[in-house]
Amino acid sequence: MTSLTQPLATSMADERQRAGDEMHDDGTVTSTMAADAIEYTISGEIHSGVGVLDKTVKILDALESGPATLGQLVSATGLARPTAHRLAIALERHRFVLRDQHGRFVLGSRFAELAAAAGEDRLLTAAGPILQTLLDRTGESAQIYRRQGDQRVCIAAVERASGLRDSIPVGAMLSMEAGSAAQILLAWEDSERLHQGLRHAKFTAAKLAAVRKRGWSESVNEREEGVCSISAPIRNASGQVIAAISISGPSGRMGNSPGRRYAPLVMAAGKYLTDALLKASSVR
């Protein structure tokens, strides 16, 4: 064993010395360069120099393999039980960790939100032509919304050139308490977030159940008097809803049941963008 590991240790020591690093007797290598505060060990662990961050990453690494009880987290990470518990609870409050129906810790929805934000460029690249097609076929303004905390943000939009229209600029922040896009962005959330979202919403749990069943939503005079909209989900490669595609306009022109007329077009647009994201993911 010594004959195999000694050349590796010697090689690492030589390389670190050339880079201005120092190897300690315990095998830890510390960079002596002021800009590099990261410590490496021969075992492959990375120490950032910020202990609480390294311990938090251990928790997340352990949960990457699947749900875990507190005892399993302690065994997997080597952390003291109070430390593992404190960090897991803190991660839960920030939604990086959730509890499943058995009370085990699992990776939370915040990662999906960050992944959605990272994939937004790919969505926007494909979105322009589809929104324009929706406008051409329906005669109504079209938008894409993504959830951002307790609100939703318009990340892409096209508008009618003239006439009465629902004008929502890119970057506009709207409530998650009303509107067909809010229904889509909430309908497939985990039970805890869904329950929280319904506390002040103008729609009900029964309405969201119907949205999940049929795959689209509509609102009439819900977000604003005289305005109606129809929305459908856009999903990522994992099947998670990351955005909502919508058309909106005056209820006097779109009618009291706009979904009957426009839902197939909006759903087709959502499916096209979902397929585009899946294709983009598969070729990376």
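None of the figures in this text is laboratory data; all of them are computed from the coordinates on show. Quantities reported herein were computed from a predicted structural model and do not represent experimental measurements. Ideal geometry is used to build each Cβ from the backbone, glycine not excepted, and the neighbour counts take in all protein chains shown.
Things to note:
- Counted residue by residue at 0.36 nm each, then reduced by the alpha carbon distance between them, the extension gain from Arg86 to Arg193 reaches 36.3 nm.
- Relative packing of peptides 241-253, 47-59 - highest average C-beta neighbours within 10 Å first: 241-253, 47-59
- For region 73-215, with +1 on Lys and Arg beta carbons and -1 on Asp and Glu, the positive-most of Ile89, Ala187, Ser175 along the dipole: Ile89
- Annotation note: GluC sites (Glu not before Pro) in region 211-246 located in DSSP loop regions with a Cβ neighbour count of at most 11 within 10 Å are Glu225.
- Relative contact order, percent, region 114-282 [alpha-carbon distance under 8 Å, six or more residues apart]: 23 percent
- Sites Ser167 and Lys202, calculated FRET efficiency, Cβ-Cβ separation with R0 22 Å, nearest 0.05: 0.55
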